[in-house]
Each structure stands twice: as C-alpha cells, then as structure tokens.
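Reviewing the structure listed below.
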Amino acid sequence: MAALWVSGVARRSFTWIVSGAPRREFWSRFRKEEQPVVAETVEEVKKEPILVCPPLRSRTYIPPEDLQSRLESHVKEVFVSSVPNNWQDISLEDVHLKFSFLARLADDLGHAVPNSRLHQMCRVRDVLDFYNVPVQDRSKFDELTASNLPPNLKITWGY
C-alpha cells in the first residue's frame, strides 16, 4: 500500500495514523479536563406545577329586555350631536365613532360583534338587529343528545 506523508501524518487505506499514537490519545490532548463543579448550598424546592384547566368560555347571549333603551342611551353618549327621532338610521361610516359605540355596547352587554361581522354594521339598526338575536353555546352533538332519538340510536361521549 502506498502511504502519503503530510506533516507527520500518514494515511493508509482511509485510516489516519498520527506519528505512532492512537487517535484517542491524539485528540484527548486537545480536550480540556473538566473541573468538578462545586455545588453551592442552595436547595431548590421543586414543586409540581398545578395545572388548572380554565373554565370553558360561555358564548351564550340572551338579549336583555331593555335592549332598545340601552342602545339609545349609548347612541346619545357616542354621537353627542343632536340625535334625530329616527336614531336607528344613524350611519356608522366614521370608524372612530363606530369603534367607540361597539366597544361600549360590548362592555355593557357582555357580547361583542365578531370581526367577521363588523363590515355588516353600517347603521345603528344593523347593530340592534345583531344584538336582538340570542346565541346558544351548544354543539350539534349536545343538541342531538337532548333531542328525542330513535331507540336504536345512542350517542356516547366516552371514547
């Protein structure tokens, strides 16, 4: 076999032999000896984290009986200028007034207009129509379970 000498290193058939020393001894010279770490006298108290599942957010909304009067009072607060008799036809083109009005209603009623429906709120009448619709927080499975099912159909949740 042919040997190739390069600065004291010989290569024979894909293995390196460094001036007679095995590889482990060669590379161990470059490793720093690890100094033992002296542990300070700090005691860590490890507690298991308490995982508390947050309560499910209820999206149920039932419109209050005095919804129209509440809405009218918020219209008078936000649109300080003279409010006409047909206050339901007030336009919500000004985005700052629209935001202020919808934010006050969301705080007062505990039910906000979702982002996907904001573009549909063009007049106060649209907002009134939105807040007049009750929202049930039930899934289709809950509705099926509560309904009268035929005797041969059963829904089990434990799977």
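The values are calculated or read from the model by the stated rules, or taken from the named source; none is laboratory data. Treat the numbers as computed from the prediction; the structure is a model and nothing was measured. No Cβ is skipped: glycine too gets one built from the backbone with ideal geometry, and neighbour counts run over all protein chains shown. Areas reflect the complete protein model, heavy atoms only, side chains present, ligands, DNA and RNA absent. Shrake-Rupley method; radii C 1.70, N 1.55, O 1.52, S 1.80 Å.
A few points about this structure:
- Pairs where the first residue, in the stretch 81-94, is in contact (Cβ under 8 Å) with a residue 24 or more places away in the chain and the second is assigned to a loop (DSSP other than H, G, I, E, B) and β-branched (Val, Ile, Thr), C-beta under 8 Å, 6+ apart: ILE90/VAL83
- Within this structure, PHE130 fails the test of being under 24 Å from ARG59 (Cβ atoms), of a type in the set (A, V, I, L, M, F, W, C) and modelled with pLDDT under 90.
- Residue in the stretch 72-112 that is farthest from ASN132 (Cα to Cα), counting only those that are β-branched (Val, Ile, Thr) and open to solvent by 70 Å² or more (accessible area, probe 1.4 Å): VAL80
- Selection from the stretch 128-137 of residues that are surrounded by 10 or more Cβ atoms within 10 Å (Cβ to Cβ) and either of a type in the set (A, V, I, L, M, F, W, C) or over 30 Å from LYS98 (Cα atoms) (or both): LEU128, PHE130, VAL135
- If you go through the stretch 123-159 and keep only what is of a type in the set (Val, Ile, Thr) and out of contact with any helix residue (DSSP H, G or I) (no Cβ under 9 Å at 6 or more places or on another chain), you end up with VAL133, VAL135, THR145, THR156.
- Those residues of the stretch 113-122 which are in contact with a helix residue (DSSP H, G or I) (Cβ under 8 Å, 6 or more places away or on another chain) and open to solvent by less than 70 Å² (accessible area, probe 1.4 Å), in sequence order: VAL113, LEU118, MET121
- Some residue of the stretch 45-64 being open to solvent by less than 90 Å² (accessible area, probe 1.4 Å), modelled with pLDDT under 90 and over 34 Å from the mean Cα position of the chain (by Cα): no
- Residue check for VAL124: touching a Ser or Thr at 6+ places or on another chain (Cβ under 9 Å), under 30 Å from SER81 (Cα atoms) and touching a residue at least 24 places away in the same chain (Cβ under 8 Å): yes
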